[in-house]
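The values are calculated or read from the model by the stated rules, or taken from the named source; none is laboratory data. A quick note: this is a predicted structure, and the numbers were derived from the prediction, not measured. For neighbour counting, all protein chains shown are included, and Cβ atoms are generated from backbone atoms with ideal geometry for every residue, glycine included. The protein model used for the area step is the full one, side chains on, heavy atoms only, and it has no ligands, DNA or RNA in it. Shrake-Rupley method; radii C 1.70, N 1.55, O 1.52, S 1.80 Å.
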Amino acid sequence: MSGIYIHIPFCRQACSYCDFYFVTRQEMRGEFVSRLCDEIDRYGETAFADEPVETVYIGGGTPSLLSASEISAIFSHLEKNFSLRTKEVTMELNPDDVTVAYLKELQSAGITRASMGVQTFDPDRLGFMNRAHNPSEAVQALNFLREAGFSVFTADLIYGNPGQTVEELDEDIDRLLEFDPPHISAYALTIEPGTRLGKQVESGRMTPAGDDQVADHFDLLTRKLPEKGLHRYEISSYSKKGFEAIHNRNYWHHKNYLGLGPSAHSFWWGQEGARRWKTVNSIRQYLDEPFDRMSVEKENLPLAVLAEERLMLGLRTRQGILIRELDDRYGYSLSPGQREWLGKKADEGLVFFDGRQISLTTDGLKLADHLVVELLLK
């Protein structure tokens, strides 16, 4: 079973923290949808279409700038060219774009899971992020999800903002929990080079949140969300039982997926490892160039590289990773130095390690990136 990711590159404006590929010129939307449908048709004539599709994820950019009829057209081409046996079809939505009627039309088109980009309910912080919506639109959008009958949805929160107190994050969490979300994606603000925030930090005009502040926010989420049945199953993901994101889980488990649209990534297993490639991150090239020139940043990934990546991804999850999987699937064995290091970190309360499975504790998850690097260097 495979997955499909579709990148919709249009946005009303640039969020200050975002480094995903996007354009603000809406006049190319119709031409883009037509080209995307052509790309889907092209893949339908290849071996990539032989594997049944378990999940579809429509991300961006801002997919909710597309009309429901444009989404329906995309799905018509997917159904014609792929064997869709979907357990989950997710679409990212911005609060200022949705109405009850639009949400019902999306359901009719095939969307089963909504991803609402709330980020915060604080008006000043929304301004700092340069989000297009305001707090009342966020509240209205969450009410619309309920009215439209979207029982499966996730809402995004961003924490670790400069100057944000624990009390302010607590207010955001309480407001969001009023809508009884089955899933919350909570991301620590990341300062990416080239973004507006990145340039402000580089010039000294803004100071990022300190590690202690971010850790305090992490602790609050870890403590508070489980009280409402939302348990962390990955560093940034909290879910009620049975509402975990299947599409994202499949990324972490190295399942095949195709990326469609400009800047989308793809991953596919072969006989000796896997391939990863990216579609050009230029809508003009995407619209004008032949499809055989679309793939860039092509990588052939041997099993040794994949094993280390799987270890890194697995340790971001509560489940962790089975040592047997590393051996059976990747031919990877832990070295004596790694086993010794794991035992030491287990004594420190950062790692769970019983000789069969490795996972990080709650304290360990705070330091996940650092711990994974240490482990791989042993």
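Couple of notes before you dig in:
- In sequence order, segment 27-41 has phi-based couplings of 5, 8, 4, x, 5, 5, 4, 4, 5, 4, 5, 5, 5, 4, 4 Hz under the Karplus curve 6.51 cos²θ - 1.76 cosθ + 1.60, θ = phi - 60°, and Gly or Pro positions carry x.
- Computed E for HIS231/LEU377 - FRET, C-beta separation, R0 35 angstrom, nearest 0.05: 0.65
- Residue-by-residue Karplus 3J(HN,Hα) for segment 77-94, coefficients 6.51, -1.76, 1.60, Hz, glycine and proline x: 6, 4, 5, 6, 10, 10, 8, 7, 10, 6, 8, 7, 10, 9, 9, 6, 10, 9
- In Hz, Karplus ³J(HN,Hα) per residue of segment 140-154 (6.51, -1.76, 1.60; θ = phi - 60°; x = Gly, Pro): 4, 5, 5, 5, 4, 4, 5, 5, 7, x, 7, 7, 10, 7, 10
- Surface share of carbon and sulfur [accessible, 1.4 angstrom probe, percent] for the chain: 47
- Amide H to amide H, with H built 1.01 Å from N, VAL23 comes under 5 Å of PHE10, CYS11, counting only residues 5 or more places away or on other chains.
- Annotation: extensible slack from GLU308 through SER136 equals 57.5 nm (criterion: 0.36 nm per residue apart, minus Cα-Cα distance).
- Per residue accessible area in Å² of the chain, where ligands, DNA and RNA are left out and the probe is 1.4 Å: 45
- Each of ILE191, ILE111, ILE246 has its accessible area taken with a 1.4 Å probe; listed largest first, they run ILE191, ILE246, ILE111.
- Partners for LYS298 among lysines (Cα-Cα distance below 30 Å; same-chain residues under 8 apart left out): LYS80, LYS87, LYS199, LYS255, LYS278, LYS378
- Per-residue extension of 0.36 nm, minus the Cα-Cα distance of SER282 and ARG12, leaves a gain of 95.5 nm for this segment.
- The calculated FRET efficiency for ARG324 paired with ASP41, based on their beta-carbon distance and R0 = 41 Å, is about 0.50.
- Of the residues ALA264, ASN130, PHE150, the one whose Cα sits farthest toward the positive end of the charge dipole of the chain, with +1 on the Cβ of Lys and Arg and -1 on the Cβ of Asp and Glu, is ALA264.
- Annotation: amide H of GLY259 within the under-5 Å range of TYR5, SER266, PHE267, sequence separation 5 or more or interchain, hydrogens built in the peptide plane.
- Cβ-defined net charge surrounding GLY61, 13 Å radius [Lys, Arg +1; Asp, Glu -1]: 0
- Counting charges near HIS133 (Lys, Arg +1; Asp, Glu -1) among other residues having Cβ under 9 Å from its Cβ returns a value of -2.
- Two-site label geometry, GLU348 and GLU147: point separation in nm, points 7 Å out along Cα→Cβ: 5.3
- Quotient of C-alpha Rg and 2.2 N^0.38 Å, computed over segment 1-41: 1.39
- Around the amide H of ALA274, modelled in the peptide plane, lie the amide H atoms of LEU301, all under 5 Å away and 5 or more residues distant in sequence or on another chain.
- Three-way shape label, the chain, alpha-carbon gyration tensor, a/c 1.5: oblate
- Within the chain, percent of DSSP bridges classed antiparallel, to nearest 5: 45
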